[in-house]
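In what follows, a single structure is set out as structure tokens and then discussed.
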């Protein structure tokens, strides 16, 4: 009978119960292929009996791999970011990884940037990589660049071109949808968009203006509404004021994607 006088179960305990060496336990827990099925089964049954859990912090220090990805988004409440986190989780799970997520804060109704304290929380987990879909202030961006960790920005292009970035073709999608409304005979078209200081908002406004210029139509500033990327922002900007346009356009989803700065892969368009 195996008895412990304290609560910490170690690999030595597992080895003793399984009747194998400490090295064999380490190889089984590390997924080493060249271990006989019989020994692997003994180790796994001993782990179950003792309720043994690997010390992931210690394993990370030894291997310098955490098998975890960090994700930074402005908010967990928005559908776009919820879908993004779900996609990241599924990809991580399929490849034997986990992920750690953090969110920003809403300030004055707008999606806020993360500061260096937030980024330090993720980096302190010794993560194998970062996926960032939120603006970083210049000082945080400079510090992140000095870190030796792979980083990909998603749908929120950083000012520094040294970082990988992948996003939706917001300008092209907006231009295409705007020209579709023009083809239907509309001329006074209202635009509801996010903060133009944010990459996504800026690109959509650029596409909208580009479509009007192509068709020799002037931009009516009275029909440009800056909202936020939240549902309440869309509702607040939605009601048509007196004398407003014949069509109101809010960019919702674009299936046209682009590849930028070496990163690849489709990303669902932000609502």
If I model a spin label at residue 89 and residue 10 as a point 7 Å from the Cα along the Cα→Cβ vector, what separation in nanometres do I get? 3.6 nm
In what sequence, highest mean first, do 137-147, 213-223 appear when ranked by Cβ atoms within 10 angstrom? 137-147, 213-223
How far, in nm, would the chain grow between residue 126 and residue 159 when pulled straight, counting 0.36 nm per residue and subtracting the alpha carbon separation? 9.4 nm
Can you tell me the FRET efficiency between residue 53 and residue 210 if r is taken as the Cβ-Cβ distance and R0 is 51 Å, rounded to the nearest 0.05? 0.35
Relative contact order of segment 11-54, pairs being alpha-carbon contacts under 8 Å that are 6 or more residues apart, as %: 43 percent
Counting only DSSP beta bridges with both residues in segment 63-167, tell me the antiparallel percent, nearest 5. 10 percent
How far apart, in nm, are the 7 Å Cα→Cβ label points at residue 176 and residue 148? 4.3 nm
Rounded, prolate or oblate for segment 63-167? Axes are the square roots of the Cα gyration tensor eigenvalues, ordered a ≥ b ≥ c, and the cut-off for rounded is a/c under 1.5. oblate
Among 194-205, 79-90, the order from most to least packed when residues are scored by Cβ within 10 Å on average: 194-205, 79-90
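Laboratory data are not the source of any read-out in this text; all were calculated from the coordinates shown. Quick caveat, the model's predicted, so the values are computed rather than measured. No Cβ is skipped: glycine too gets one built from the backbone with ideal geometry, and neighbour counts run over all protein chains shown.
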